[in-house]
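Note sheet for the following structure.
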Amino acid sequence: MKKLSPKLQLNWRNIDHIFLLTVIALTAYGLVMVFSASAPSAFYIHGDSMFFFKNQAIWAVLGFVVMIVVSMIDYKFIKRFIMPIYIVAMILLLAVLFIGQRINGAKRWLDFGFSTIQPSEFAKIAIVMACAWVLSKVKTIDVKESLPHLIICGMLVGFAAIMLLLQPHFSAILIILLALGIMMIAAGIPMRLFSVIAGIVALVGVIFAIAEPYRLQRLISFTDPFQDKSGDGWQVVQSLYAIGSGGFSGLGLGRSRQKFLYIPEPQNDFIFSIICEELGFLGALAVLVLFALLLYRAVKIALKAPDRYSMLLVFGLISLTIVQVLLNIGVATSSVPPTGIPLPFFSAGGTSFVFQMISMGMILNISAQPKKSSKTEIRESDSFE
């Protein structure tokens, strides 16, 4: 059997250039908005209005290097290490519970001195990779054949969910479950079985959502944030003020008023509000169009993928991104309860950006792969090799 080589190579003529250019455009747009949104708080906290921008720019360069390197590694080579990758991700999640850094009441970060990382970002990718491989085994739309594979996926996700609940990191679980649901649909899981599973998961989610007082309070404040606009509803109310102030064309780049310590850390979870305030409807529309284009190209890549595993992997990875986009914008517009989810490519955050670029690199590698025959697809999907 021919051994797979980790030699770095990529046919740049065959990659999806529009997908790559969209990633570049999103990153550039995000850097501009991080600088604009963070300047007041960066000066207030660090005495340097460019503090967050400089950090994000460094991570952006590193992220692009990582994306290029990952895009040059054959996805079939990475496929051989799915279980080791998953195990390492689970070990890191476990480590957070014992030696993690507690910020704002949650243990989600590991401090490595030069930087802190959020293992949940790594875990999302690892779970998508593992579940894509398991679901790629489903060859027919049959409940009896599908159920064992879904049970395995449930175990993979369930183990991670337990540790994420202990952190607690409820939003990460939500993102993983939604991405997995999209992968299940793409895999052709029978809809009646999918509906039952989705119903059970939704019921459990509601129970967990109202079990903790702070989560219940978030739900209550979400229904009418202005009822407690100086308390739990503060961030959402300030976000709505920012969005409403922007109008059609915005107040102008750098002219946001809400970023002056009204919205806490405006360069993070509520950066979309600053975009709306400074660039208006047109700026927000540009964000949505870029993400829609990213999704469109990713779906095209998935449909042309060499095999079921790579197809499901692309669907899973792009789902992680788009689900976060929808939830983040939903929070900023008071369409969904606050979840603390950053906006991909825009929100300041080093390691989360790097892991985002790892996902983009894997999608780019798959985009450059030739489409294979159905017989080859079936043979390769049966093995890690």
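Look at 371, 137, 124 and count the other Cβ atoms within 10 Å of each Cβ; fewest to most, that gives 371, 137, 124. What residue among 75, 86, 44 shows peak mean-square fluctuation when the chain is described by a Gaussian network model with Cα springs under 10 Å? Highest fluctuation among the options: 44. Once segment 50-113 is represented by equal point scatterers at the alpha-carbon sites, with solvent omitted, what log10 I(q)/I(0) does the Debye formula produce at q = 0.15, 0.19, 0.25 Å⁻¹? One equal scatterer on each Cα of segment 50-113 leads to -0.79, -1.01, -0.99. From least to most packed, judged by other beta carbons within 10 angstrom and beginning with the fewest, 64, 208, 345 follow the order 208, 64, 345. Build a GNM of the chain with springs between Cα atoms under 10 Å apart, and of 14, 328, 268 the one that fluctuates most is 14. Take each peptide in 15-24, 359-368, count the other Cβ atoms within 10 Å of every residue, and average; sorted highest first, the result is 359-368, 15-24. For the peptides 36-42, 115-121, the ranking by packing is 36-42, 115-121, with the highest mean count of neighbouring Cβ atoms within 10 Å listed first. Using the structure shown, list the pairs from 54/300; 137/300; 54/229 with a Cα-Cα distance above 30 Å, or answer none. Pairs exceeding 30 Å: 54/300; 54/229. Determine which residues of segment 67-104 fall in the zone a paramagnetic label at residue 162 would reach in this model, i.e. backbone nitrogen under 20 Å from the point 7 Å along Cα→Cβ. From segment 67-104, the list is 83-100.
Of the peptides 230-236, 352-358, the order by per-residue mean of other Cβ atoms within 10 Å, starting with the highest, comes out as 352-358, 230-236. Amide H contacts of residue 107 (H built 1.01 Å from N, in plane; Pro and chain starts excluded): no residue 5 or more places away or on another chain comes under 5 Å.
Considering every alpha-carbon pair of the chain, the percent of pairs per 10 Å bin, from zero through the bin containing the longest distance, is 5, 22, 32, 26, 12, 3, 0. Charged neighbours of residue 367, selected by a Cβ distance under 12 Å, balance to +4 (K, R count +1; D, E count -1).
Rounded to the nearest 10 degrees, the angle from helix 308-332 to the longest Cα principal axis of the chain is 10 degrees.
Remark: the residue 192-residue 25 segment gains 56.1 nm on full extension, using 0.36 nm per residue and subtracting the alpha carbon distance. Label positions at residue 336 and residue 206, each projected 7 Å from the Cα along the C-beta direction, are separated by 1.8 nm.
Full extension of the chain between residue 228 and residue 46 gives 62.5 nm of extra length, using 0.36 nm per residue less the Cα-Cα distance.
Filter the cross-link list 79/124; 79/107; 144/304 down to pairs whose alpha-carbon distance in this structure exceeds 19 Å. Over 19 Å apart, Cα to Cα: 79/107; 144/304. Does segment 115-268 classify as rounded, prolate or oblate by the C-alpha gyration tensor (a ≥ b ≥ c root eigenvalues; a/c under 1.5 gives rounded; else a/b over b/c gives prolate, otherwise oblate)? Judged from the Cα gyration tensor, segment 115-268 comes out prolate (a/c at least 1.5, a/b above b/c). Here's the picture: a label point sits 7 Å out from the Cα of residue 116 along the beta-carbon direction, and within segment 81-102 the residues with their amide nitrogen under 16 Å of it are 93, 95-102. Could you tell me which of rounded, prolate or oblate describes segment 280-343, using a ≥ b ≥ c as the square roots of the eigenvalues of the alpha-carbon gyration tensor, with rounded for a/c under 1.5 and, failing that, prolate when a/b is larger than b/c and oblate otherwise? Oblate. Sorting 87, 173 from the fewest to the most surrounding beta carbons within 10 angstrom yields 87, 173. Note on the chain: helix-only mean residue ellipticity at 222 nm, from DSSP H runs of 4+ residues weighted -39500 (n - 2.57) and normalised by residue number, equals -23000 deg cm²/dmol.
Rule-based calculations on the coordinates, nothing more; no lab input. Fair warning: this is a prediction, and the values are worked out from it, not measured in the lab. Reconstructed Cβ throughout: ideal geometry from the backbone, glycine too, with neighbour counts over all protein chains shown.
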